[in-house]
Amino acid sequence: MRAALLFLWLITLTPFAHAADWLGWRKVGDATLTWGPFTVYTSQLRTPEGRYTGKMKDQALIITYARDIDSEDLVEATRDQWRAQGVLQQEPQSEAWLQMLASLWPDVGPGAQLAFVLNDKQGQFWYRAPAASGTFRPLGPPQSQAFSTRFLGIWLDPRTQYPELRQQLIGGQQ
């Protein structure tokens, strides 16, 4: 009985242990997205070594929202970025991915954080509510390498619609 309780306790804590790992990674860069005079969000890229070394290397993109945004609007913004980068035309799974995001993402408000962590070529979403006591919780299952590449590409691909933000996030590297 004790072994079963210990096993359940370890399973419960495992996602939070993984969160602690990437939270300790070093900052590569940060950027702020504005719309007119309004800040939409600030973002930060972290890696284990503190430098951007490629799109499929371990990295964490952390977005801290400054405004109320419905989850539907977050999904539509993702759709718009993927359309601009040609992902919707090139990737047959893109509509299924957008549906998955619609079922996964919460509405966000000022101070809420969404993170996407790529570790060993698998991505994982994490969320921290504005009033949370510092704890990120995982959202959904780990994501495929294909999804992870396309999602992080919104900010990190050279074809991003926000090249200045990309440069800031990757530490000014080309």
**Prompt:** Which aspartates and glutamates, on any chain, are close to Lys121 with Cα under 14 Å apart, when same-chain ones fewer than 8 places away are left out?
**Reply:** Asp58
**Request:** Report, in degrees rounded to the nearest 10, the 0 to 90 angle that the Cα long axis of helix 145-156 makes with the longest principal axis of the chain.
**Result:** 50 degrees
**Prompt:** Given (1) 57, 33, 31; (2) 49, 41, 31; (3) 107, 42, 24, which label gives Cα extents along the principal axes in Å as computed from the coordinates?
**Reply:** (1)
**Fill in**
The farthest towards the positive end of the charge dipole of the stretch 57-151, of the residues Leu101, Phe147, Gly123, given +1 on Cβ of Lys and Arg and -1 on Cβ of Asp and Glu, is Gly123
**Asked** For the peptides 60-71, 97-108, what is the packing order when you average, over each peptide's residues, the other Cβ atoms within 10 Å and list the highest mean first?
**Response** 60-71, 97-108
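I'd like the carbon and sulfur percentage of the solvent accessible area for the chain, probe radius 1.4 Å, heavy atoms only, ligands and nucleic acids excluded. Let's see the in-between values first.
Values: 5150 of 9400 Å².
That fraction is 55 percent.
Please work out the average accessible area per residue across the stretch 77-174, using the 1.4 Å probe convention, and give it in Å².
On a per-residue basis, 47 Å².
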**Request:** With an 8 Å cut-off on Cα pairs and a minimum separation of 6 or more residues, tell me the relative contact order of the stretch 21-65 in percent.
**Result:** 39 percent
**Message:** Which one, Thr160, Trp82, Met56, is farthest towards the positive end of the dipole of the chain when Lys and Arg carry +1 and Asp and Glu -1 on their Cβ?
**Reply:** Met56
**Asked** When the distances between all Cα atoms of the stretch 18-84 are binned every 10 Å from zero, what whole-number percent does each bin get?
**Response** 18, 40, 35, 7
**Prompt:** So for the pair Lys121, Tyr162, with labels modelled 7 Å out along Cα→Cβ, what separation do we get in nm?
**Reply:** 2.8 nm
**Complete:** Here the stretch 22-37 yields Karplus 3J(HN,Hα) values (6.51, -1.76, 1.60; θ = phi - 60°; whole Hz; Gly and Pro given as x) of 6, 5, x, 5, 8, 6, 8, x, 9, 8, 10, 9, 10, 10, x, x
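The values are calculated or read from the model by the stated rules, or taken from the named source; none is laboratory data. In this text, all values refer to a predicted model and were calculated from it rather than measured experimentally. FYI the Cβ positions are ideal-geometry reconstructions off the backbone, even for glycines, and counts take in every protein chain you see. SASA here: full protein model, heavy atoms, side chains in, ligands and nucleic acids out. Shrake-Rupley method; radii C 1.70, N 1.55, O 1.52, S 1.80 Å.
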